[in-house]
Amino acid sequence: MSHSEHASIRDVFSMPVIVAALGYFVDIYDLVLFSIVRVPSLKALGIEGKALIDNGVFLLNMQMIGMLVGGILWGWLGDKKGRLKIMFASILMYSVANIANGFVTTLPAYGVLRFIAGVGLAGELGAGITLVSEILHTRIRGYGTMLVASIGVSGAILANFVANSYDWRTAFFIGGALGLLLLLARFKVAESGMFRTMEQRSAISRGNMLALFTDRSRFFRYLNSIMIGVPIWFVVGVLITFSPEFALDLGIGEPVSAGNAVMFCYLGLVFGDLSSGLLSQLMQSRKKAVLLFLVMTVVAVALYFLQGSSSASFFYGVCAFLGFAGGYWAIFITVAAEQFGTNLRATVATTVPNFVRGMVVPITMLFQFSRGFFGLRYGALLVGGICIAAAFVSLFALEETFHKDLDYFEEFL
């Protein structure tokens, strides 16, 4: 399809795109579920008070470290073994890990399983985006990645509904079962033609992670691709995950639920991903779309801290706006995939979003440190300012890739 002269919008709804979208839907469900059930699950293990934040940060970091490790592992395997195999292997791993998570009775076991689930969660999105980018024509691949991200992030809405309707253990079981059901689609999806062509050329070096660090141009393309996505996970990992604590500090009288904050944020992300994808296609530019949404992120973060003692409803509305502003996630991963040749594309597309997610670890550590000096509110503002400034600088350094032909190889020794 990628070489067809007559690309049809119907190709966007092909089986590989649908399966990648549903895989990301389950991925997001499992990814954000911990943020939603953090308090009840830790209380069930006998943890109370200030320890809820400290142990919550520990478990979140275990999950994100797992995603960092998994990003490297799955990315390398994606260029070595194929996009399709990795997409389904990662789904299997995180599904089994989340079912096991429903049986935990101790904090150490909880931490180990969040790490294993994180490793599994790292592979699906990068492999799916790479597959979709390679099978769709240049003129419509933005619609395909937009569909994957838009359907995927709505998994957070289901996660909140399930967590509010069932016990936290049952919520983990449901997430694992959804992933196992998706494995049945394995037999309906074909591998990327670009990968099959590359596989036949034994002289081509594939999945060479070190090549990203041995050439100045490749390294900065890679680093800048990572940094433009960091503000999204500052918002999710700090402002949304710890929304009950921020609401209290801001003077909001009504109780604020982390689950509802996550739900409204991801509802905003659904519409943000749709809007950024459509805007990118209309403007025929990835960079202009990302720039617009970064500016909106600045406005949304400012509104979050300036809202004062508003109502819980207004607070959730701001969370939705934060999500919408962070809705350039689909474009961000597409930009990363489009920056590199076929023999490094899965490695990059898988590691970049997971390095961004893994950045939650230093972000939350810096947040914990800075709030000790400046308080909860100003500590978060300092960290957020650093993340957003780095994203603007990196965006201006990247090349425009909207019209780029992806059928080429990176050359390195």
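The values are calculated or read from the model by the stated rules, or taken from the named source; none is laboratory data. Just so it is clear, the structure is predicted and the values come from calculations on it, not from any experiment. Cβ atoms come from the backbone with ideal geometry, glycine included; neighbour counts cover every protein chain shown. Side chains are part of the model used for accessible areas, which takes the heavy atoms of the whole protein and leaves out ligands, DNA and RNA. Shrake-Rupley method; radii C 1.70, N 1.55, O 1.52, S 1.80 Å.
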If you scale each eigenvalue of the Cα gyration tensor by 5 and take the root, what three semi-axes come out for the range 331-413, rounded to whole angstrom and sorted largest first? 34, 14, 9
Once both labels are modelled 7 Å past Cα along the beta-carbon direction, what's the Asn164-Met283 spacing in nm? 3.4
Report the full-extension gain for the segment Leu181 to Val69: residue separation times 0.36 nm, less the Cα-Cα distance, to one decimal in nm. 37.8 nm
Leaving out ligands, DNA and RNA but keeping every protein chain, what accessible area does Phe88 have, in Å² rounded to the nearest 10, with a 1.4 Å probe? 10
Listed by chain and number, the residues whose amide H is under 5 Å from that of Gly341, excluding neighbours fewer than 5 places away on the same chain and using placed H, are Glu410
What is the log10 of I(q)/I(0) for the range 88-153, computed with the Debye formula using one identical point scatterer on each Cα and no solvent, at q = 0.14, 0.26 Å⁻¹? -0.53, -1.02
Accessible surface of the range 47-173 [probe 1.4 Å, protein heavy atoms]: carbon and sulfur percent: 75
For the chain, modelled as a Gaussian network with Cα springs under 10 Å, which listed residue fluctuates most, Ala261, Ala109, Ala149? Ala109
Cα point-scatterer Debye curve for the range 208-354, base-10 log of I(q)/I(0) at q = 0.13, 0.19 Å⁻¹: -0.62, -1.03
Would you mind working out the accessible area per residue for the chain, using a 1.4 Å probe, and quoting it in Å²? 37
Kirkwood Rh (inverse of mean 1/r, distinct Cα pairs), the range 21-164, angstrom: 15.8
For a quick check, take a GNM of the chain with Cα springs below 10 Å and name the residue from Gly251, Gly317, Gly385 with the largest mean-square fluctuation. Gly251
Mind checking which of Thr105, Thr351, Thr334 has the largest fluctuation in a GNM of the chain, springs on alpha carbons under 10 Å? Thr105
Expected unfolding gain across Ser309-Ala51 under the 0.36 nm per residue rule, minus the alpha-carbon gap, is 90.3 nm
On C-alpha positions alone, give me the angle between the axis of helix 360-397 and the longest principal axis of the chain, in degrees, nearest 10. 20
Suppose only helical runs count, i.e. DSSP H with n ≥ 4. What mean residue ellipticity at 222 nm does that imply for the chain under -39500 (n - 2.57) per run, divided by all residues and rounded to the nearest 500 deg cm²/dmol? -25000 deg cm²/dmol
Which three extents, in whole angstrom, do the alpha-carbon atoms of the chain cover along their principal axes, largest first? 60, 42, 40
Assuming a strict under-28 Å limit between Cα atoms, what lysine pair count do you get for the chain once near-sequence pairs (fewer than 8 apart, same chain) are dropped? 8
In terms of modelled amide H atoms, which long-range or inter-chain residues lie less than 5 Å from the amide H of Val256? none
Which length gain, in nm to one decimal place, applies between Val299 and Leu223 when the Cα-Cα distance is subtracted from 0.36 nm times their residue separation? 24.8 nm
Accessible-area composition of the range 310-396, carbon plus sulfur, in percent [1.4 Å probe]: 79
Tilt of helix 216-227 relative to the longest C-alpha principal axis of the chain, in degrees (0 to 90, nearest 10)? 40
State the volume of the convex hull built on the alpha-carbon positions of the range 291-343, expressed per residue in Å³ and rounded to an integer. 72
Not counting ligands, DNA or RNA, and with a 1.4 Å probe, what is Ser257's accessible surface area in Å² rounded to the nearest 10? 40
